[in-house]
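Notes for the one structure printed next.
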Amino acid sequence: MTFPVVGMVGGGQLARMTHEAGIPLGIRFKLLSETPQESAAQVVSEVVIGDHRDLETLRAFARGCDVITFDHEHVPIEHLRALEADGIPVRPGPDALVHAQDKGVMRARLDALGVPCPRHRIVADPADVVRFAAEGAAERAAEAGGQDDGFPVILKTVRGGYDGKGVWVVHNAREAAEPFRAGVPVLAEEKVDFVRELAANVVRSPHGQAVAYPVVESRQVDGVCDTVIAPAPELPEARALAAEEMALRIAKELGVVGHLAVELFETRDGRILVNELAMRPHNSGHWTQDGAITSQFANHVRAVLDLPLGDPRPRAKWTVMANVLGGDYPDMYSAYLHCMARDPQLKIHMYGKDVKPGRKVGHVNTYGDDLGDVLERARHAAGYLRGTITE
């Protein structure tokens, strides 16, 4: 029997962990990586070095693959349409993926679907940002009285941003000038007064089967995900179910195949607003490797191959994921002795990356019945690996 070949575009840690999930199933992976040193290129047996922005490179890579999928959203949409015209299944397809590539397209489509989002619009220049801010101030004054200038405002380049890159919090017209220097459209959004950030992770297959993982709380530090708690503590059941149903609806309406992460704001008045979409395995779902019956990575593989999806239910009452960021202490391996001896249940996942300050180089998962204990174990392990905790 010949098992299928999954072509993965992008050699980062998401590709590495997706490949790992396919190994028990006998699934073969072929990787398109920018360099041989990329995280996934270190472990996948068949690696093509090339540029995902070059159509002929993509076409040559796709030969022999049964399906193409991604660990990032940066492949040009017109190239994906060309692959589909060549008869290569692309999952998620270009009609879906454009909503993760272009924030303007995403907002317009979510508006059309009636999905709640922060107030937003495309702005032309810094003066238009001032007008956008004033519009928000006028709305607030009409609703609750008082007056302000509408700042601060969030500005985002519509393409290419991630982990806080391509995102600015601006307080006046002078600060608003920076995003326009890139020469790409800029999206303005209100700065939401939220209680916390949540994420709803779902997986959908080509024939329409879909599963939803528990809604999680995602804690950010300097615009980068630091800790994920599954399930989100003290989230009312009705609100959690509404978020899951909204994510499933978005996946269906946008025709997503594979994993979809819907990043959310929970506001002080109890609303749930959509912040971002990611159509690939996502940092907010890394907890599923050890905390769910079927991980996000395994279900992504199943979905792109149109296999029946696995059970997304949690294995433990609480699971916490903490990202391991690079610091000034590069020898993380020597920290294993302490971390593993202190917590035999600890799960460490490293990405094979060179340690650089602030760089995501791995994550840890902990689980158990007491949330305080599970959080402390995850934070201690991540801090000790980084070198910020020494005992």
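Scanning the stretch 204-217 for residues that are of a type outside the set (A, V, I, L, M) and crowded, with 23+ Cβ neighbours inside 10 Å yields 204, 213. Considering only residues that are assigned to a strand (DSSP E or B) and either touching a Gly at 6+ places or on another chain (Cβ under 6 Å) or crowded, with 24+ Cβ neighbours inside 10 Å (or both), which ones fall in the stretch 256-285? 258, 259, 260, 261, 262, 264, 277, listed by residue number.
Return yes or no: is residue 201 modelled with pLDDT of 95 or more, over 24 Å from residue 121 (Cα atoms) and polar (S, T, N, Q)? Yes, satisfied.
Considering (1) assigned to a helix (DSSP H, G or I); (2) crowded, with 20+ Cβ neighbours inside 10 Å, the lone condition that residue 290 does not fulfil carries the number (2). Report whether or not residue 200 is over 27 Å from residue 74 (Cβ atoms), crowded, with 18+ Cβ neighbours inside 10 Å and in contact (Cβ under 8 Å) with a residue 60 or more places away in the chain. For residue 200, the condition - over 27 Å from residue 74 (Cβ atoms), crowded, with 18+ Cβ neighbours inside 10 Å and in contact (Cβ under 8 Å) with a residue 60 or more places away in the chain - is not met. Note on the stretch 80-90: residues that are outside any loop (DSSP other than H, G, I, E, B), out of contact with any Ser or Thr (no Cβ under 9 Å at 6 or more places or on another chain) and within 15 Å of residue 7 (Cα to Cα) amount to 3. Beta carbons closer than 7 Å, at least 6 apart along the sequence or on distinct chains, pair a first residue in the stretch 236-253 that is in contact (Cβ under 8 Å) with a residue 12 or more places away in the chain with a second that is part of a helix (DSSP H, G or I) for 253/113. Of the residues examined, residue 113 is not one that is surrounded by 20 or more Cβ atoms within 10 Å (Cβ to Cβ) and within 28 Å of the chain's Cα centre (by Cα).
The values are calculated or read from the model by the stated rules, or taken from the named source; none is laboratory data. These figures come from a predicted structure and were not determined experimentally. Using ideal geometry, Cβ is built from the backbone for each residue, glycine included, and neighbour counts are taken over all protein chains shown.
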